[in-house]
1. Please pull out the direction-averaged projected area of region B:6-89, using the convex hull of its alpha-carbon atoms, in nm² to one decimal place.
2. Roughly how large is the B-A contact in terms of buried accessible area, totalled over both chains, probe 1.4 Å, nearest 100 Å²?
3. Which three extents, in whole angstrom, do the alpha-carbon atoms of region A:3-99 cover along their principal axes, largest first?
4. Given a 1.4 Å probe and heavy atoms of the protein chains only, how would you sort B:T259, B:T181, largest accessible area at the top?
5. How many partner chain Cβ atoms sit within 10 Å of a residue's Cβ in peptide A:42-51, on average, as a whole number?
6. Convex hull over the alpha-carbon atoms of chain B: what's its volume per residue in Å³?
7. In region A:5-34, what residues drop by 20 Å² or more of accessible area when the other protein chains are put back, versus the chain on its own? Use 1.4 Å, and skip ligands and nucleic acids.
8. Considering chain A as a Gaussian network with a 10 Å cut-off on Cα pairs, which listed residue, A:L48, A:L24, A:L66, attains the greatest mean-square fluctuation?
Amino acid sequence: MTPDQILADVRAMLVEIIGPEYALGIDIGMTTSFEADLELESIEFVKLATRLGEHYGHRVDFVAFLADKTLNEIIDLTVGEVVVYIADRFTPARTAAVDG
Amino acid sequence: MAEIIANGVRLHVQRLVPRDRPCRSGRPAIFIHGLGIDNLSSFYYTLANPVARAGTEAIMYDLRGHGVSERPPNGYRVVDFVADLEALLDALDLAGPVHLVGNSFGGAVALGFAVANPDRVASMVLIEGHFAVAGWAEQMESTLRSIGSDLAAGNTQLWQKTYGRKLGRMAELADALINGTTFLTDLHKVDTIDPRALQELTCPVRAVYGEHSDVIGYAHQLRQFLPSLTMTVLPGLGHFVLTDATATLREIVVNWFTTQDSLIDR
C-alpha cells in the first residue's frame, strides 16, 4: 500500500465527512491541516478515526496513534502525519509483527 | 461508527477496549458529556483513552440531539436522558453495575440515573457536575435562551462566512437544538433531585470542580448530601476543567477506577 493510495483514501473519506461543497475549494494534500485548513470539528475527527479503522482493519489503531498526543498536538495534525502512520502500519516488518 | 437505538432514538456510541491487556473488570466506564454544542469527542481526546489503556473499557455516546446522534423534536427532560442511558445499557447487555463519568450537564444525568438505578452504578465521577436542584432549570434556560435568540435572530450562514466552517457548523447545530426542538421548554420540566434520595446513595462519588466555576455552588450542595463523596476543587480554574486541566483529571480518574475496582474485587 503506497502513501499515494492511502492519501487518496483519506481524501475521499474527508470529502464525504466535511461535504463536497466545502471540500471543493480545498486541495487536500499531505500538508493540509485538519484544523487550520479543513476546520474539522472534533466529532468529525472521531468519524474519520472510525472510518479508518473500518477501512484498514486492526493494523490501524488510530486510538493508539492519538493516545500519546496532547489536545494541541491532535489539533495541529496534518493529513500527511496520518498517511505516514498508516503507511508505517503496512510495512512488511510491521505487518509480520502484527499478524504474527 | 456504532449506532444503537435506545429508547427509540438512534445514538452514536464509541467503545474503547484495552488493546494489549484484558479489561480489569466487567465494569465499563460510561462517559456522559455536556449540553448544547458538546459531544462525545470531548472525552474521546481527553479521558477515555487513558482509562481504556489502564484497563477499564470506556464507552462514550452522543446524547440525543447532540454530536451525530439523532435529534428528535422533543424529549429533552433530564428523565428522558436518564431513560436513554438505561436503554443504552440494556442494548449493550450491561445489566451489572457500571462506572459513570459525567461532565457538566452529564453530571445531572449521572446523578439522576444513580438515584433511579442505585444497583446499576459501581461509582461516579462528576466533573463540574450540574445538579438538578431548585433554580437549576431557570439558570440553564436563561443562559441557553440567550444563545438561542442570538442564533435565531442572526443567520448561521453568516457565522460560517464570518468565523469559518467550524464555528458555523457549531452555530447550526446549536440553532437546530435550541430553536428547532422542545429542548428549552423540556429542560424547564425538571424534577429536582430529592436530597434524601442522594443521602441513600451508597456508591462512591468523586467530584472535581474549578475554584472559579459558575457552578461551584453545586459542589457545596453535593458535599452536604452525598455521604460517600471525595471532592477536589482545582485552584484558579473555571468551568472548563476537562480541557483546562486534562492531565490532572486523567490522573484522578484513572486512579479512581483502579482503586474502586480493586476495592470491589477484594
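The values are calculated or read from the model by the stated rules, or taken from the named source; none is laboratory data. The structure displayed is predicted, hence computed values, not measured ones. Cβ atoms come from the backbone with ideal geometry, glycine included; neighbour counts cover every protein chain shown. Accessible surface areas use protein heavy atoms only, side chains included; no ligands, DNA or RNA. Shrake-Rupley method; radii C 1.70, N 1.55, O 1.52, S 1.80 Å.
1. Working: hull surface 21.7 nm².
Approximately 5.4 nm², given one-decimal rounding.
2. Details: alone 12010 and 5950 Å², together 15850 Å².
Counting both chains, the buried surface is close to 2100 Å².
3. 41, 28, 21
4. Working: B:T259 65, B:T181 25 Å².
Most to least solvent-accessible, the answer reads B:T259, B:T181.
5. Numbers: counts 8, 14, 5, 3, 12, 5, 0, 4, 4, 1.
Taking the mean over all residues of the peptide, I get 6.
6. Values: hull volume 33.3 nm³, N = 266.
For chain B, the hull spanned by Cα atoms encloses 125 Å³ per residue.
7. SASA drop of 20 Å² or more in region A:5-34: A:Y22.
8. A:L24
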